[in-house]
Amino acid sequence: MSFSSLLKKIWHFLWYEDSLLSWFVNLILAFVLVKFVIYPGIGFLFGTAYPIVAVVSGSMEHHGQPPDGWWEQTTWYEDHGITRSQFTQFPFKNGFNKGDIMVLQGVKPEAIKIGDVLVYESSRHVNPIIHRVVAITEDNDEYSFQTKGDNNPASDRDIVSEDQIRRTGKAILRLPFLGWIKIGFVQLLGGLFS
């Protein structure tokens, strides 16, 4: 059998054969392509190891309230020197929800501004945290960041260092609800193996 005819058989098996084995092999190939080619490729383009993340908590939710209604229920930002006018200029000023997908872009620490939404790694949590920057400190060209989930009553206990954001970045795009696919899948697998 020539190499050309072998390729034709493989092509037919993958694209035209309607068998359970063909479907299974296609599923495995799709997973391998996404996990080891597409996702790393997007990460390379966006300068981050995590170009796409699913939001797994409600810490940034505004519960569907309009900006004015949400702002009236929180005093934390004004108490800490961030005005309503400033907040309305922040990215994701309406928050985002558990189950949303966030697209990230790698960012240099000196380019981060108050109001940006960072993803950072923490030893306290299994999943990376995605919260808003509420204060920035610079000491000898080293930056650290105080963050807060919009829906949380207080800022985060940890001060975020440059090392914690080196592989992650800041959120630049929100895709509503698409993260529920991943969350549901992880919960299903967790239920099967617990």
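The values are calculated or read from the model by the stated rules, or taken from the named source; none is laboratory data. Just so it is clear, the structure is predicted and the values come from calculations on it, not from any experiment. For neighbour counting, all protein chains shown are included, and Cβ atoms are generated from backbone atoms with ideal geometry for every residue, glycine included.
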Residue within region 50-70 that is among the acidic types (D, E) and in the same structural domain as I183 (by TED's automatic domain parsing) present: yes
First in region 62-86 and more than 13 Å from D150 (Cβ to Cβ), second anywhere and part of a helix (DSSP H, G or I), Cβ under 7 Å, 6 or more apart: R84/W71
Total residues in region 1-28, condition among the small types (G, A, S) and outside any helix (DSSP H, G or I): 2
Residue selected from region 123-137 under the condition out of contact with any Asp or Glu (no Cβ under 8 Å at 6 or more places or on another chain) and touching a residue at least 12 places away in the same chain (Cβ under 8 Å), by the criterion surrounded by the most Cβ atoms within 10 Å (Cβ to Cβ): I130
Where a residue in region 92-112 is of a type in the set (D, E) and its partner, wherever it lies, is assigned to a loop (DSSP other than H, G, I, E, B), with Cβ under 6 Å and at least six apart: D100/V55; D100/P176; D100/G179
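Tell me whether region 88-95 contains one or more residues that are surrounded by fewer than 18 Cβ atoms within 10 Å (Cβ to Cβ), out of contact with any His (no Cβ under 7 Å at 6 or more places or on another chain) and not in a loop (DSSP other than H, G, I, E, B). Can you show your working first?
Within region 88-95, the subset surrounded by fewer than 18 Cβ atoms within 10 Å (Cβ to Cβ) is 88-89, 91, 93-94.
Then drop every residue that is not out of contact with any His (no Cβ under 7 Å at 6 or more places or on another chain), which leaves 88-89, 91, 93.
Going one step further and asking which of them are not in a loop (DSSP other than H, G, I, E, B), we end up with none.
No, that holds for no residue.
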Scan of region 123-144 for residues that are over 18 Å from the mean Cα position of the chain (by Cα) and of a type outside the set (D, E, K, R), ordered by number: V134, A135, I136, T137, N140, Y143, S144
Filtered residues of region 99-125 (kept if touching a Ser or Thr at 6+ places or on another chain (Cβ under 6 Å) and either assigned to a loop (DSSP other than H, G, I, E, B) or outside the structural domain of I183 (by TED's automatic domain parsing) (or both)): G106
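Of the residues in region 31-49, how many are modelled with pLDDT under 90 and either surrounded by 11 or more Cβ atoms within 10 Å (Cβ to Cβ) or closer than 23 Å to P109 by Cβ (or both)?
Of the residues in region 31-49, the ones modelled with pLDDT under 90 are 31, 34-35.
Still in the list and also either surrounded by 11 or more Cβ atoms within 10 Å (Cβ to Cβ) or closer than 23 Å to P109 by Cβ (or both): 34.
Final tally of qualifying residues: 1.
Restricted to region 87-107, and to residues that are among the polar types (S, T, N, Q) and over 14 Å from the mean Cα position of the chain (by Cα), which residue is nearest to G149 (Cα to Cα)? I'd like the intermediate steps shown before the answer.
Just the residues of region 87-107 that are among the polar types (S, T, N, Q), to begin with: 88-89, 94, 97, 105.
If we keep only those that are over 14 Å from the mean Cα position of the chain (by Cα) too, we end up with 88-89, 94.
Working: T88: 16, Q89: 17, N94: 12 Å.
Only one residue fits best here, namely N94.
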